[in-house]
1. Which number in (1) part of a helix (DSSP H, G or I); (2) open to solvent by 20 Å² or more (accessible area, probe 1.4 Å); (3) within 14 Å of ligand 3 (Cβ to nearest atom) marks the one condition that SER187 misses?
2. When you scan segment 201-281 for helices (runs of 4 or more DSSP H) that lie fully inside it, which ones turn up with 2 or more residues that are β-branched (Val, Ile, Thr)?
3. Could you give every pair whose Cβ atoms fall below 8 Å, whose first residue belongs to segment 168-184 and is in a helix (DSSP H, G or I), and whose second residue is within 16 Å of ligand 4 (Cβ to nearest atom), counting only separations of at least 6 or pairs across chains?
4. Condition check: closer than 30 Å to ASP131 by Cα, open to solvent by less than 50 Å² (accessible area, probe 1.4 Å) and under 13 Å from the mean Cα position of the chain (by Cα). Does GLU39 satisfy that?
5. Tally up the residues in segment 192-207 that are more than 12 Å from ligand 4 (Cβ to nearest atom) and open to solvent by 40 Å² or more (accessible area, probe 1.4 Å), please.
6. Cβ contacts < 6 Å: first residue in a loop (DSSP other than H, G, I, E, B), restricted to segment 61-89; second residue surrounded by fewer than 19 Cβ atoms within 10 Å (Cβ to Cβ) and of a type in the set (S, T, N, Q), any location; separation 6+ or different chain. Result?
7. Could you figure out which of (1) open to solvent by 60 Å² or more (accessible area, probe 1.4 Å); (2) at pLDDT 95 or above; (3) of a type in the set (Ser, Thr, Tyr) isn't true of TYR44?
8. Filtering segment 100-131 down to residues that are in contact (Cβ under 8 Å) with a residue 40 or more places away in the chain and open to solvent by 20 Å² or more (accessible area, probe 1.4 Å), which residue is nearest to PHE151 (Cα to Cα)?
Amino acid sequence: KAKEAGRGTHAFFADSMTQQLRHEMELTRELTQAIQNDELFLDYQPQFDLESGRLVGMEALVRWRHPREGVRQPGAFLPVAEKRGLIRPLSDWVLNAVCRRIRDWTDRGLEFGRVAVNLCAQQVGDPDFGDNILTVLERTGARTEHLELEFTETVLIAADARTQADIVRLSELGIHFAIDDFGTGFSSMQYLRKFRTDKIKIDREFIQDVTHDAGDAEIVKATIALGTALGLMTVAEGVETEEQAEFLRRHGCRQVQGYLYGRPQPPEDIERLIGFGLESG
Ligand code: C2E
Ligand code: MG
Ligand code: MG
Ligand code: MG
């Protein structure tokens with residue numbers, strides 16, 4: 001009896017594994033096509049200066065308009081893309097699309113600040129990292145001072161001396177660098193010293209309960225203090241309430257990004273936001 005039950009359980013797991021695998025392979029096939037067929041698109045989430053309230057830039061976030069199932073958020077396809085070797089072509093598509101957008105907005109005289117792009121580990125770890133970025137800028141005619149590159153601490157761990165040199169080279173040309181999800185990876189003071197970045201983005205995980213959780217409050221205060229002491233721009237991610245904004249303002253955080261100020265939105269909506277900003281001052 002027990003043996004039978006055991007076999008049943010085994011069969012059940014094997015079956016759900018097959019299902020999982022089938023789902024993954026299907027998603028991989030669809031995503032490969034999606035990249036080629038321009039089913040991917042970008043929303044842009046605005047970032048504001050906390051003191052003046054002015055728009056300072058935005059982050060590009062990828063979405064997938066599935067032909068039958070509607071819009072999918074990155075959480076639904078990036079993990080599989082990562083696992084199945086599609087994250088690199090996907091992220092290259094995003095970088096190209098952002099640079100084309102920058103070129104278009106520049107040509108139309110819009111003052112949009114910077115557009116931040118999330119880079120994957122394979123882009124940063126590529127021996128031609130620096131040249132690849134410059135090639136995209138050249139091909140699209142986007143200017144370096146409009147581009148910001150974001151990567152996580154985990155990406156930095158794998159970075160070597162060559163990556164370090166490329167970051168310096170791109171920085172000198174006017175590209176900004178931001179460390180994303182700061183505090184959630186293997187944060188090390190060494191990375192902050194070794195890699196020349198301009199910005200740290202305090203992860204939403206710490207902002208979420210910052211007004212209720214004393215521990216989170218101390219972490220956020222310490223992170224802002226560290227960033228400020230090192231001359232880095234500090235940005236809080238996932239700001240949803242006025243209380244969180246007030247806390248951040250009181251402790252000297254410089255910029256904010258979150259639903260309180262604006263959701264990720266289509267470029268046309270961002271253009272209206274820019275127009276509004278210019279009219280009002
Ligand atoms: P991220 O780079 O840390 O992006 C911020 C995420 O927080 C976005 O989720 C954004 O929609 C969400 N967010 C912003 N403000 C709020 C808020 O006030 N409340 C809440 N609940 N969420 C907020 P999204 O768009 O789902 O992206 C998730 C992650 O997927 C990104 O985290 C990034 O790691 C990755 N990702 C997104 N687009 C790209 C891309 O183009 N390339 C690569 N390589 N990764 C991307
Ligand atoms: Mg990001
Ligand atoms: Mg983040
Ligand atoms: Mg994140």
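1. With (1) part of a helix (DSSP H, G or I); (2) open to solvent by 20 Å² or more (accessible area, probe 1.4 Å); (3) within 14 Å of ligand 3 (Cβ to nearest atom) applied to SER187, the lone miss is (1).
2. Numbers: elements: 204-207, 214-229, 242-250, 267-279.
Result: 214-229, 267-279.
3. Close Cβ pairs satisfying both conditions: LEU170/LEU149.
4. On the way: closer than 30 Å to ASP131 by Cα: yes; open to solvent by less than 50 Å² (accessible area, probe 1.4 Å): yes; under 13 Å from the mean Cα position of the chain (by Cα): no.
For GLU39, the condition - closer than 30 Å to ASP131 by Cα, open to solvent by less than 50 Å² (accessible area, probe 1.4 Å) and under 13 Å from the mean Cα position of the chain (by Cα) - is not met.
5. Looking only at that region, the number is 4.
6. Short answer, once both residue conditions are applied: ARG84/THR28.
7. (1) is the only condition that TYR44 fails.
8. Per the criteria, the residue is ASN118.
The values are calculated or read from the model by the stated rules, or taken from the named source; none is laboratory data. In this text the structure is predicted, and so the values were computed from the model without any measurement. Please note: Cβ atoms are built from the backbone with ideal geometry, for glycine as well, and neighbour counts cover all protein chains shown. To get the accessible areas, we keep the full protein, side chains included, count just its heavy atoms, and leave off ligands, DNA and RNA. Shrake-Rupley method; radii C 1.70, N 1.55, O 1.52, S 1.80 Å.
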